[in-house]
1. Relative to the Cα centre, what is the charge dipole magnitude of chain C, using +1 at the beta carbon of each Lys and Arg, -1 at the beta carbon of each Asp and Glu, and rounding to the nearest 20 debye?
2. At 0.36 nm per residue, and after removing the present C-alpha to C-alpha distance, how many nm does the segment from A:LYS96 to A:LYS282 gain when stretched out fully?
3. Sequence-distant or interchain residues sharing an amide H contact under 5 Å with C:ASN108, placed H: which?
4. Once you've got the Cα coordinates, tell me which of A:LYS265/B:LYS33; C:LYS195/C:LYS294; C:LYS286/C:LYS352; C:LYS48/C:LYS231 are over 28 Å apart.
5. Would you mind ranking A:LEU235, A:LEU81, C:LEU246 so that the residue whose beta carbon has the fewest other beta carbons within 10 Å leads the list?
6. Quick one: Karplus J couplings for segment A:204-216, per residue in order, coefficients 6.51, -1.76, 1.60, θ = phi - 60°, nearest Hz, x for Gly and Pro?
7. Could you calculate the contour length gain from C:GLU305 to C:ASN379, that is, 0.36 nm times the residue separation minus the distance between their Cα atoms, to one decimal place in nm?
8. When the chain is fully extended, how far beyond the present Cα-Cα distance does C:ALA337 get from C:ASP46, taking 0.36 nm per residue of separation?
Amino acid sequence: MAKAVTLKELSKKELLFAPGHRLCAGCGAPIVVKMVLLASDYHLVAANATGCLEVSSCISDYTAWKIPWIHNAFENAAATLSGVETMYRSLKKQGKIDKEIKFIAFGGDGGTYDIGFQSLSGAMERGHDMLYICYDNGAYMNTGIQRSSATPFGADTTTRPAGSVVPGKTEQRKNLTKIMAAHNIPYVAQASPSHWADLVRKVRKALEITGPKFMNIVTPCNRGWRSRTDDAITLSRLAVDTCYWPLYEIENGVTKITFRPREKKPIADFLKTQGRFKHLFKPENEVLIGKIQESIDREWEKLQKEEACFAS
Amino acid sequence: MKLKNWKEVTPGAVITEAGSSVKFKTGSWRSLKPVWIEENCIQCLFCWIYCPDMAVKVKDGKRTEFDYDYCKGCGICALECPGKKGNKAILMVEEEK
Amino acid sequence: MAKIVAVTGNEAVANALKQVNPDVCAAYPITPQTEMMQRFSSFVSDGKVKTEIILVESEHSSMSACVGACAAGGRVITATSSQGLALMYEILYIASGTRLPIVMPVVNRALSAPLNIHGDHSDSMGARDTGWIQLWSENAQEAYDNTIQAFRIAEHMDIRLPIMINMDGFIISHSIERMEYLDDDQVQNFVGEFKSLNPLLDLEHPVSYGPLILTDYYMEFRKAQDDVESKVPGVVLDVAKDFEKLSGRTYGLFETYRLDDAEIALIILNSAAGTSKDVVDEFRDKGIKAGLLKPRLYRPFPYKEIGEALKHLKAVCVLDRADAFGGSFGPVYMDIATSLYPYKERPVLINKIYGLGGRDYLPDHAKLVLNELVELVGNGTVKSYKEYIGVRE
């Protein structure tokens, strides 16, 4: 079991993601990256799918990364890192490298749920020793807020805008965390930057496990969610407290809810903070909020049952 | 800065200076500025861990001043600051010339 | 001591890869390449190579993994054909733009649609402007020799570019030929240790691969890449010289056959060159001054050298085993035309498209073309600048 760490301890570590990156003010992605890198006590090498994080962290002569980092294309962060990790194993076997290195891939939801899905599935199935982190902000934010399979039901995006006939996204999100768990990999988890200790603990735990690991981290985007620049943490906390984004892990097939909100808040509390859901509060669309609530309740119920299966 | 010519660029565009983004100051993006009120600070370090721009300086496990070279003025620190007895240790003020 | 063997082209190249013993190989099956990677995989399973193999879920991931593995700092191979190469297309540019010396045999096969598994050059021709070096091979021996030389060319510190070694699907990949293998230690000594440049796994010097380059620098990187391309022919020749010392076999940027005093000539890539050489001999026996040029280094294309080799001719036919749709002419024709353009006195140039989707190229086809060139020189009339041959009208 990975030891819990305090912020005071973490603050004495070197920050491996430097300031001067060009992500928007109040973006959730650098908060996630910072926490993930701080969590590790290992030497790290990272890969990054094309996306906001990638284009904003490494431009011309300026890189925010203080660890070795590689960006290849949009859909292949997992395959790229599987190549890096395989070369590491080869050189280590040959005695050309002696240090222990851990490998982390970062991808947004577009690069992970959609275009990079095959690459991710392949890398996980092949058993590479890597941790794949999806920073899920629920749309193609880098290109200007287009719908992805991670976009929540009802959200207004630029390719599925809420109009007089179409009330935003008409499909449910893909449950990628569960799909990754279905790969029977040793560790899968959901985390939120609001619950930094939970996130850090999960990263630390994942890095202790040999083999493929996947973490899905809710990452607010104030441009795409049409919220305020100061609310990334507040909104990710609300995502957890409404059970829109339950915090749990599946270790060797065993599901464990790692944070249970004292009082499960209604999803409307989350939706009303964001411009992308504004249209849902029109009288004719309110039925849709009920539908979202039902789906969240159902999923939360299912997750608790899954956990209960292993509790006894 | 003088731009390099084609003979001077690194093969394959590889960047060999880790963390060189520190040369790119993003503080000029700011329209609101966080101000630290030390007497209200309980050193919880939430501002430090939640800052997207690594703009809260920490020394020996304690926060010190903001790094205005990089702070983009998002205000997350101020919103998350629990303060002391209801008094925030970080306030956002209008940026002045 | 060289060993005489009877092997398929796939087997020969797999053996070259085994003798080189790379650090990482990414493999995915596709006809007619499959056998090559199967053979290589069995070398891995039997401990005959130190290579770590990645059995990817697509060619896109294959090339992506190669980029990661090569950037990490080691010798990397993969192989493909046809649709597989097409699927890699996006990452081919990233491999070359990132200057990663990945070595990839390509067993040439037609592109879909219509679906076809047989040999033609559409696949590699579609990738001819991706910044990869391309070597083309007439037979199993050349494919084997080119594969070994490819590592030295790609990994040369002045070059650092990925390289494809082409051979014809089925005709060469699956036909058994007599050829010579070098000894393992000869190959090992020839290719030498892999030297890395800015390896990602160097923790002492953390580097970032794949930055966003905007309008202020993009052209400088492209110009630098263009400049590197200009250094490739020199390195190819140097490596060929060293290889000749080792094997006794001579390689250049291209092969000329009875060309020096020729008046008419065929230009043709890969396996069909062998058939054509026999027919050139027949015409020589009849007193007709026929010759042939077979490109080897097709990318970067040695325009100047090829122009010099062809400028004295009266008429030339470029035979293309691929068409460049919308370009009016086959890809090799367009390159040859470009090489000859600077000369005031230059041969008349015609283009024949042959052998698509594995359609047989027969000695009669070469005869037909040479006869047409003889006639053209005689009466000065060009019947047609571009024509499909071996097709039912």
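1. On the way: 39 positive and 53 negative charges, 120 e Å.
Charge dipole of chain C: 580 debye, to the nearest 20.
2. Working: separation 186, 0.36 × 186 = 66.96 nm, distance 6.39 nm.
Taking 0.36 nm per residue and subtracting the Cα distance, the gain is 60.6 nm.
3. Under 5 Å from the amide H of C:ASN108 lie the amide H atoms of C:MET167, C:ASP168, C:GLY169, each far enough along the sequence or on another chain.
4. Working: A:LYS265/B:LYS33 32 Å; C:LYS195/C:LYS294 32 Å; C:LYS286/C:LYS352 23 Å; C:LYS48/C:LYS231 35 Å.
As for pairs spanning more than 28 Å Cα to Cα, those are A:LYS265/B:LYS33; C:LYS195/C:LYS294; C:LYS48/C:LYS231.
5. The fewest-first ordering by Cβ neighbours comes to C:LEU246, A:LEU235, A:LEU81.
6. 4, 5, 4, 5, 7, 8, 7, x, x, 10, 9, 10, 10
7. Numbers: separation 74, 0.36 × 74 = 26.64 nm, distance 2.93 nm.
Extra length available between C:GLU305 and C:ASN379 comes to 23.7 nm.
8. Details: separation 291, 0.36 × 291 = 104.76 nm, distance 4.95 nm.
Between C:ALA337 and C:ASP46, full extension yields 99.8 nm more.
Since every read-out is calculated from the coordinates, none of them should be taken as a lab result. If you're wondering where the values come from, they're calculated on a predicted model, not measured in any experiment. Note: ideal-geometry Cβ built from the backbone for every residue, glycine included; neighbour counts use all protein chains shown.
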